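> One structure follows; several queries about it will come next.
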Amino acid sequence: MPNLTTGSRRTARLCQTAALASAVLACVGTIGTLPARAGDLVVRYDQSSLLRLPRPVAELIIGNPSIADVTVQGGNMLVVTGKTFGVTNVIALDSERNVIQDQRVVVQRDASGTVNLVKAGNRQSYTCNPQCSPTLTIGDDTTYFDLISRHASVKTKFSETSDGGGSQQASQ
């Protein structure tokens, strides 16, 4: 290594760190982004999409229920909710067990408004629109994910109280 002054060494280290951080952020931005093919139903992680079928459904088969959840609305409308990143399929059968549709489902990350903070290789995700708030995203640092998960659980329990306390406070 050439003879560098302390200031030059610090600058060189900062440049190396910035280059590494830039590469990590570019990689993190692609997590949960899977290639979709023509005809795929693309659903965003933690969001729902509608799938209208030509006739009523009697039975649903979900290839991997940990990737997507599917419910029937009104007989021939499916609500597909992305649970984690990945590819699966949904097979809809009629009352005679004929295939109505075999639909490939791709669950992707919705990166718009999402900021990832990477510290010492540990990722924390935030939704920023315009203020930033923590968000639960598969692949985040375990300690961070557990903390945000506990906070979300407490908030959900508070809003589900049967005494109406949550809704009374919301209206005040």
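> Being farther than 30 Å from Cys128 by Cα and not polar (S, T, N, Q) is the filter here; which residues of segment 86-112 pass it?
Listed by number, the residues that qualify are Val90, Ile91, Ala92, Leu93, Asp94, Glu96, Arg97, Val99, Ile100, Asp102, Arg104.
> Of everything in segment 75-129 that's part of a strand (DSSP E or B) and of a type in the set (Lys, Arg), which residue is farthest from Ile62 (Cα to Cα)?
Filtering first and then ranking leaves Lys119.
> Please go through segment 86-131 and pick out each residue that is under 26 Å from Leu41 (Cα atoms), among the charged types (D, E, K, R) and surrounded by fewer than 17 Cβ atoms within 10 Å (Cβ to Cβ).
Selection gives Asp94, Glu96, Arg97, Asp102, Arg104, Asp110.
> So, in segment 57-74, how many residues would count as being within 19 Å of Glu96 (Cα to Cα) and in a loop (DSSP other than H, G, I, E, B)?
Qualifying residue count, segment 57-74: 3.
Every read-out reported here was derived from the displayed coordinates using simple, explicitly stated rules and does not represent laboratory data. Quantities reported herein were computed from a predicted structural model and do not represent experimental measurements. FYI the Cβ positions are ideal-geometry reconstructions off the backbone, even for glycines, and counts take in every protein chain you see.
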